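The values are calculated or read from the model by the stated rules, or taken from the named source; none is laboratory data. Note that the structure is a prediction, hence the values are computed from the model and not measured. We place every Cβ from the backbone using ideal geometry, glycine too, and count neighbours over all the protein chains shown. Heavy atoms of the whole protein, side chains included, go into the accessibility calculation; ligands, DNA and RNA do not. Shrake-Rupley method; radii C 1.70, N 1.55, O 1.52, S 1.80 Å.
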Amino acid sequence: MDKFPTKNKKLSAWVKKMARMCRPGTIVWIDGSDGQRKALEKEAMATGEIIQLNQNRLPNCFLHRTSKDDVARTEHLTFICTKKKHDAGPTNNWMSPGVAYRRAAEIFKGAMQGRTMYVIPFSMGPIGSGFGKIGVELTDSIYVVLNMLIMTRAGAAVLKQLEKEDNFTKCLHSKAQLDINRRLILHFPNDNTIWSVGSGYGGNVLLGKKCLSLRIASFIAKKENWLAEHMLIMGIEEPNGHIEYIAAAFPSACGKTNLAMLIPPEGLKKKGYRIWTVGDDIAWMRIDTDGSLWAVNPETGFFGVAPGTNSNTNYNMVQTIKKGTIYTNVLLKADGTVWWEGADGDEPDEGIDWQGRTWRPGQKDAEGRPMLGAHPNSRFTTPITNCPSASFRLEQPHGVPISAIIFGGRRQHLAPLVYESFNWQHGVFVGATMASERTAAQVGKLGEVRRDPMAMLPFCGYNMGNYFGHWLKIGKMLKKPPKIFHVNWFRTDDKGRFLWPGFRENLRVLEWVLDRCNNKVEGVRTPIGYVPRPLDIDMTGLKLADGALDKLILVNKKDWQEELKGIKKFFRQFKNDLPAELWQEYEALHIRLTADE
Ligand code: GTP
Ligand code: SPV
Ligand code: MN
């Protein structure tokens, strides 16, 4: 226990203290080497924690199955632990730090007996760049170690950095008994600490991701005047070589990964666009010396949704996940490859489903519902460097300059395909009033509309009223604020069919967004913002049903007046913490919607 490979006293003291509570048999420090990773893979294969896939077809790929009730983030077991409940705000679950540490300690106590505690030093963002943050995760799961090695910069280089800087987020994780009744995901922003126990699922246990890079980082960002957001970052290169970057926030399972690496549609090919993927889930954005907003992706991998991923919807991802990938909760085929609903190729004749049972197409469960081969929230963990569209600026500490911020949700009705806010303050209102229909990724009634401001509802580490105020403040600090837009790829016709084909065709909308940023086209002023003139969306090679485009950009005043009621109810819960500017925007929208123009 004494031969720790670090001179950082704070680090070794903390590891020792946590080990005294969790009582692991041994402690192993993760150095990031290939040799150590391979040994861990071997060990996890021996216990069945991971299954090696067909190494000819899927080199260095593995399959992992989580337990049945551990397949998505458990938001109701996720807490912000601050002294005052008010600091967590009305949208977060809150627990006092004292109670939280005590309750979790009871579960952590002896939880690692007979197991190894792995110490993973990791950096979110380039190591030592000034734009990055260091964390150390202690875990008893090899699956977590292997995922963290893909998703973050982990190993000896980070330990070396910890000789120079002392500050790191203390992340403690144990699978414990994987019991949903003894599961807690706790954030202590004032202690720069995260404790997660009783789960083995992605967002609950890869503590660098949602826990550090959003919940803890948003808290730090407020103090340090930057933004930690649930956003993709992508570059759109024009034929002359100029690249414009955008950042976009959509709720979980609403299309970030797909948009971030789209391939231009046939009809627009001759324009010569090229897409560069910077990130698919998290953006850290700062005001640089030029007064504009610059973004980095703190991660080094994708933890993407499997179902629906195929060569048509996301060709680049299909290429990305052919090697060095960990699949979670997908179907295992007899030939040692994997499958999920909406994958390339035919449905297999049989396989092993995500729960490890024999599966055949058309099979029904006890309640008579069709059995899925892959869980709807099954995922893959894969390095960005595998991605054909990976940006060449991933390691640049300054990141990329952002021209436009896009908010979006899943709305069958109401929200048009795209609209532009009038200015930053109005754009913050647009983000703050975002709503989306529930996907399989969240517990609750499917399709039910829930407000998810800036796609951050489950990820904001403090009172969201103050978070809106922070956004307004950043806008005032920016000399060249990005324009703010809202998109909706999911509007449907009376029969419930999507009006917009989505996926690669979304580039047509991004083209309009950039044209607006560069003052190349007029917009049509509506009560909610500017929508495109139909002729300004390049429809070359895309035939929609008659009148579909008009329906897509229609702003129905009656429906929006209804929407105002939901917004009012949502805003009211923040009481005095809701910035007055947002009530002003609410009133102004109300007036624009009721004025008979
Ligand atoms: P998280 O990883 O949970 O944050 O999700 P994400 O926002 O990255 O979502 P992702 O790109 O993985 O897409 C989730 C689901 O939305 C998939 O089933 C996609 O097939 C579907 N989807 C993505 N883009 C579009 C689109 O433009 N139109 C339609 N109709 N569906 C889409
Ligand atoms: C999400 O749910 O938004 C994800 C997956 O990106 S998780 O890492 O589980 O949060
Ligand atoms: Mn996400």
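Structure notes:
- Modelled spin labels at T289 and R369, positioned 7 Å past Cα toward Cβ, are 5.7 nm from each other.
- Accessible-area composition of region 1-91, carbon plus sulfur, in percent [1.4 Å probe]: 52 percent
- Loop-located trypsin sites (Lys or Arg not before Pro) in region 49-81 (DSSP state other than H, G, I, E, B) with a sparse environment of at most 15 neighbouring Cβ atoms within 10 Å: R57, K68.
- Total charge dipole magnitude, region 461-564, about the Cα centre, Cβ charges on Lys, Arg, Asp, Glu only, Debye to nearest 20: 500 debye
- Charges were assigned to the Cβ only: +1 to each Lys and Arg, -1 to each Asp and Glu. The resulting dipole of the chain about its Cα centre is roughly 1760 debye.
- Whole-percent carbon and sulfur share, accessible surface of region 289-363, 1.4 Å: 48 percent
- Between the alpha-carbon centres of region 558-597 and region 464-497 there is a gap of 15 Å.
- Ordering L186, G409, N316 by the projection of their Cα atoms onto the charge dipole of the chain, which places +1 on the Cβ of Lys and Arg and -1 on the Cβ of Asp and Glu, puts L186 at the extreme positive end.
- For region 483-493, backbone phi angles converted through the Karplus equation (6.51, -1.76, 1.60; θ = phi - 60°) give residue-by-residue couplings of 6, 10, 10, 10, 10, 8, 7, 10, 5, 10, 8 Hz, Gly and Pro being listed as x.
- Phi angles of region 290-305 translate, via the Karplus equation with coefficients 6.51, -1.76, 1.60 and θ = phi - 60°, into HN-Hα couplings of 7, x, 10, 8, 10, 10, 10, 9, x, 8, 10, x, 10, 10, x, 6 Hz per residue; Gly and Pro are given as x.
- Once all protein chains are placed together, H76 keeps about 110 Å² accessible to a 1.4 angstrom probe.
- Projecting the Cα atoms of N329, F168, N60 onto the dipole axis of the chain, where Lys and Arg carry +1 and Asp and Glu carry -1 at the beta carbon, places F168 farthest toward the positive end.
- Packing-based ranking, highest mean first, of 195-204, 410-419, 85-94 given that Cβ atoms within 10 Å are counted: 195-204, 410-419, 85-94
- Amide H within-cut-off set for L172, under 5 Å, with H built and near neighbours excluded: L138, I194, W195, S196
- Span from the region 145-223 Cα centroid across to the region 317-396 one, whole angstrom: 26 Å
- Approximating the spin labels as points 7 Å out from Cα along Cα→Cβ, the W583-to-E106 distance works out to 4.2 nm.
- Linear extension gain, K17 paired with S67, 0.36 nm per residue minus alpha-carbon span: 15.1 nm
- Segments 397-403, 500-506 sorted - mean Cβ within 10 Å per residue, highest first: 397-403, 500-506
- Of the peptides 248-259, 554-565, 177-188, the ranking by mean beta-carbon count within 10 Å, highest at the top, reads 248-259, 177-188, 554-565.
- Region 111-195: GluC sites (Glu not before Pro) in DSSP loop, at most 13 other beta carbons within 10 Å: E165
- Exposure ranking of V338, V136 by accessible area [1.4 Å probe, largest first]: V338, V136
- Dipole axis of the chain (+1 Lys, Arg; -1 Asp, Glu on Cβ), positive-most option in G200, A306, L554: G200
- For the residues C171, C517, a 1.4 Å probe over the protein chains yields an accessible-area ranking, largest first, of C517, C171.
- For the chain, the solvent-accessible area works out to 40 Å² per residue, with a probe of 1.4 Å and every protein chain left in place.
- Cross-link reach list, lysines versus K520, counting only Cα pairs under 20 Å and skipping chain neighbours closer than eight places: K270, K271, K480, K483
- Total charge dipole magnitude, region 302-384, about the Cα centre, Cβ charges on Lys, Arg, Asp, Glu only, Debye to nearest 20: 300 debye
- Model label zone, K569; criterion: amide N under 12 Å from point 7 Å along Cα-to-beta-carbon; scope region 448-462: 449-451
- Length available on full extension from N423 to K85: 0.36 nm per residue minus the Cα-Cα distance, which gives 118.4 nm.
- J(HN,Hα) series, region 172-179, from Karplus relation 6.51 cos²θ - 1.76 cosθ + 1.60, nearest Hz, glycine and proline x: 10, 9, 9, 5, 6, 9, 6, 9
- Of all lysines in the structure, the ones whose alpha carbon falls short of 16 Å from that of K551, not counting any fewer than 8 places away in one chain, are K495, K543.
- Relative to one another, the C-alpha centroids of region 226-286 and region 15-51 are positioned 36 Å apart.
- Taking all Cα pairs closer than 8 Å and separated by 6 or more residues, the relative contact order of region 302-384 comes to 43 percent.
- Ellipticity estimate at 222 nm from DSSP helix runs (n ≥ 4, -39,500 (n - 2.57)) divided over the chain, nearest 500: -8000 deg cm²/dmol
- Reachable lysines from K175, criterion Cα separation under 24 angstrom, eight or more residues apart if same chain: K16, K17, K38, K42, K68, K109, K209, K210
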